[in-house]
Amino acid sequence: MKASRLDEEFGTDCVAVTGLGLVTPAGVGWEATWKGVLAGQSVAATDPALAGLPVDFSCRVPDFDPHALVGKGAGRLDRFSQLAVAAARLSLLDAGLDPAEWAADRVGVVIGVGLPSLETCQREWVKLHAGNYKEVSPLTLPRSLPNMVAGEIGMRFGARGPNLTVSTACASGGTALGTALDLLRSGRCDIVLAGGTEAAPTARLHVLAGSQMRALSTRRSDPAAASRPFDADRDGFVVAEGAAVLVLERSEHALARRAGRVRARLLGYGASADAHHPTAPDPTGEGVALALRAALGDAGLRPGDIDHVNAHATSTRLNDLVESQVLDRVFPHSPPVTSNKGVLGHTMGAAGAIEAACAVLSLEQQVVPPVANLDSLDPEIPLDVVSKMPRQVRMEHVISASYGFGGQNAVLALGR
């Protein structure tokens, strides 16, 4: 979208999405991810790194070359940081932004991370346990601390504004985008690189812990059929890795630099807490409903204005059921619903950002991707869930919703 159209149609007081950077199990780049999501075919497969565990499959990013995508010093980063830096680089290219030309102190970074990185910690713990103290790497902390992912993006691209990592479990990516929206509205930043990252399959302990909780699907004989949001035969989610970074700009700034394209507008953000249970959702769904209504209010929208919902929908029994009942209650006009987790698995801290990016692409292309593996809609789920093939839908406003352990909820409202 040309800058002049930005001025005429959006005004100069909105927050524009001007760049998308995606590194997901469907591929590197937004084009590969979108192609995979539209195809509606799961990419889950047996994971040699998880051999011997009760659940030994995951969704991993294919053909990821950190040295090519991250650049110098990639080897000193844990994978969750590598994925995020690569996604940030791709988002800047997509936005047509050159860090050498921006006002560095006006550029912020907000990245969501759901799990602490155990990749380095696992390796160094073995040395500690064996008494080989001098062999423990001095890079143990800078490689594994959650805040380092935002710090690395700031260092690599010269972003010297507010720089932080947020963690609200599987809602982290959505929380990061909402936090970025607040930074831009407040006038503290002109640009924020915002998103989420996760590399849970690199830590066997993370996967085993999820298995012990009975949160993961146990379809070892058919991993590709394991993640099946809203399906009557769902039995848990599939652990995945990935990252997404969106370039968010004050529209006035995008206009001034003559941004070549505005993909969408980030209109509103709603956050809430269930205040109910460490891992289970509140069966009344009131916390989720609060976040949905808060996002609508922040965006100045009514429920009937929403044309599509990209749901959290993890493929677990209780979460999908509660979420669907709340969506039916808040949106009685039944807009079409999808979940990208059928294809990509559950990228946890990255999920909210990846799904927000997919919501942007749905708005751009006026199409809702299908839910993978949805063979028989659970009869207790009262939604119009898109399955089997993409559906063309006229859309002006969409919702992207994310929820996490601890009962933390984050909902984003986006518009064309």
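The values are calculated or read from the model by the stated rules, or taken from the named source; none is laboratory data. Everything numeric in this text was worked out from a predicted model, so none of it was measured. Every residue, glycine among them, receives a Cβ derived from its backbone with ideal geometry; neighbour counts consider all protein chains shown.
If we scan the stretch 388-408, do we find a residue that is of a type in the set (A, V, I, L, M), surrounded by 17 or more Cβ atoms within 10 Å (Cβ to Cβ), modelled with pLDDT of 95 or more and under 17 Å from residue 40 (Cβ atoms)?
No - not one qualifying residue is present in the stretch 388-408.
Checking the conditions here, which among 234, 263, 258 is charged (D, E, K, R), crowded, with 22+ Cβ neighbours inside 10 Å and touching a helix residue (DSSP H, G or I) at 6+ places or on another chain (Cβ under 6 Å)?
After ruling out the rest, the residue left standing is 263.
Restricting to helices (runs of 4 or more DSSP H) lying wholly in the stretch 146-243: which have 1 or more residues that are assigned by TED's automatic domain parsing to the domain that holds residue 30 and of a type in the set (S, T, N, Q)?
Once the helices (runs of 4 or more DSSP H) in the stretch 146-243 are filtered for at least 1 residues that are assigned by TED's automatic domain parsing to the domain that holds residue 30 and of a type in the set (S, T, N, Q), what remains is 172-185, 204-212.
Listed here are the residues, each with its yes/no results for (1) in contact with a helix residue (DSSP H, G or I) (Cβ under 6 Å, 6 or more places away or on another chain); (2) among the polar types (S, T, N, Q); (3) in a loop (DSSP other than H, G, I, E, B); (4) farther than 25 Å from residue 111 by Cβ.
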{"residue": "267", "(1), (2), (3), (4)": "yes, no, no, no"}
{"residue": "277", "(1), (2), (3), (4)": "no, no, yes, yes"}
{"residue": "284", "(1), (2), (3), (4)": "no, yes, yes, yes"}
{"residue": "287", "(1), (2), (3), (4)": "no, no, no, no"}
{"residue": "294", "(1), (2), (3), (4)": "no, no, no, no"}
{"residue": "301", "(1), (2), (3), (4)": "no, no, yes, yes"}
{"residue": "304", "(1), (2), (3), (4)": "no, no, no, yes"}
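Taking into account only those residues within the stretch 204-225 that are touching an Asp or Glu at 6+ places or on another chain (Cβ under 8 Å) and closer than 23 Å to residue 380 by Cβ, which is surrounded by the fewest Cβ atoms within 10 Å (Cβ to Cβ)?
Checking each candidate, the answer is 218.
Scan (1) buried (at least 16 other Cβ atoms within 10 Å of the Cβ); (2) over 16 Å from residue 347 (Cβ atoms) for the single condition residue 134 breaks and write down its number.
(1)
This table checks each residue for (1) in the same structural domain as residue 17 (by TED's automatic domain parsing); (2) over 30 Å from residue 256 (Cβ atoms); (3) touching a helix residue (DSSP H, G or I) at 6+ places or on another chain (Cβ under 7 Å).
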position	(1), (2), (3)
81	yes, yes, yes
84	yes, no, yes
110	yes, no, yes
120	yes, yes, yes
125	yes, yes, no
140	yes, yes, yes
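Please work out which residue is nearest to residue 236 (Cα to Cα), limiting yourself to the stretch 339-373 and to residues that are surrounded by 24 or more Cβ atoms within 10 Å (Cβ to Cβ) and either in the same structural domain as residue 168 (by TED's automatic domain parsing) or charged (D, E, K, R) (or both).
Step by step, filter the stretch 339-373, then rank; the result is 341.
From 332, 303, 336, 281, which residue is modelled with pLDDT under 95, within 30 Å of residue 376 (Cβ to Cβ) and either buried (at least 19 other Cβ atoms within 10 Å of the Cβ) or not hydrophobic (A, V, I, L, M, F, W, C) (or both)?
Sole residue among the options that is modelled with pLDDT under 95, within 30 Å of residue 376 (Cβ to Cβ) and either buried (at least 19 other Cβ atoms within 10 Å of the Cβ) or not hydrophobic (A, V, I, L, M, F, W, C) (or both): 281.
Being touching a residue at least 60 places away in the same chain (Cβ under 8 Å) and within 30 Å of residue 187 (Cα to Cα), is that true of even one residue in the stretch 114-129?
Yes, because at least one residue in the stretch 114-129 is touching a residue at least 60 places away in the same chain (Cβ under 8 Å) and within 30 Å of residue 187 (Cα to Cα).
Which pairs do you get when a residue that is within 24 Å of residue 319 (Cα to Cα), found in the stretch 362-380, comes within reach of a residue that is assigned to a helix (DSSP H, G or I) and among the small types (Gly, Ala, Ser), reach meaning Cβ atoms under 7 angstrom, with the pair 6+ apart or on two chains?
So the pair list comes out as 368/362; 371/342; 372/342; 373/225; 373/342; 374/342.
Applying the selection to the stretch 17-33, what residues are out of contact with any Ser or Thr (no Cβ under 7 Å at 6 or more places or on another chain), surrounded by fewer than 24 Cβ atoms within 10 Å (Cβ to Cβ) and of a type outside the set (Asp, Glu)?
Residues satisfying the conditions are 28, 29, 32.
Those residues that are among the small types (Gly, Ala, Ser) and not in a loop (DSSP other than H, G, I, E, B), I need them from the stretch 51-74; list them, please.
Those that are among the small types (Gly, Ala, Ser) and not in a loop (DSSP other than H, G, I, E, B): 58, 68, 74.
Among the residues of the stretch 369-381, what is the count of those that are touching a helix residue (DSSP H, G or I) at 6+ places or on another chain (Cβ under 6 Å) and not in a loop (DSSP other than H, G, I, E, B)?
Residues in the stretch 369-381 being touching a helix residue (DSSP H, G or I) at 6+ places or on another chain (Cβ under 6 Å) and not in a loop (DSSP other than H, G, I, E, B): 1 in total.
Determine whether residue 411 is assigned to a strand (DSSP E or B) and within 12 Å of the chain's Cα centre (by Cα).
In short, yes.
So in the stretch 86-128, with the set limited to residues that are modelled with pLDDT of 95 or more and of a type in the set (Val, Ile, Thr), which one is surrounded by the most Cβ atoms within 10 Å (Cβ to Cβ)?
Among them, the one singled out is 111.
Any residue that is of a type in the set (S, T, N, Q), assigned to a loop (DSSP other than H, G, I, E, B) and under 24 Å from residue 180 (Cα atoms) - is there at least one of those in the stretch 103-123?
Yes, the stretch 103-123 has at least one match.
Determine which member of the set 181, 118, 177, 164 is hydrophobic (A, V, I, L, M, F, W, C) and more than 27 Å from residue 97 (Cβ to Cβ).
When all the criteria are applied, what remains is 118.
Here are some conditions: (1) charged (D, E, K, R); (2) surrounded by 19 or more Cβ atoms within 10 Å (Cβ to Cβ); (3) more than 20 Å from the chain's Cα centre (by Cα). Residue 249 meets all but one. Which one does it not meet?
Condition not satisfied by residue 249: (3).
Can you work out which of the residues in the stretch 307-329 that are assigned to a loop (DSSP other than H, G, I, E, B) and under 20 Å from the mean Cα position of the chain (by Cα) is surrounded by the most Cβ atoms within 10 Å (Cβ to Cβ)?
Restricting to residues being assigned to a loop (DSSP other than H, G, I, E, B) and under 20 Å from the mean Cα position of the chain (by Cα), the top hit is 313.
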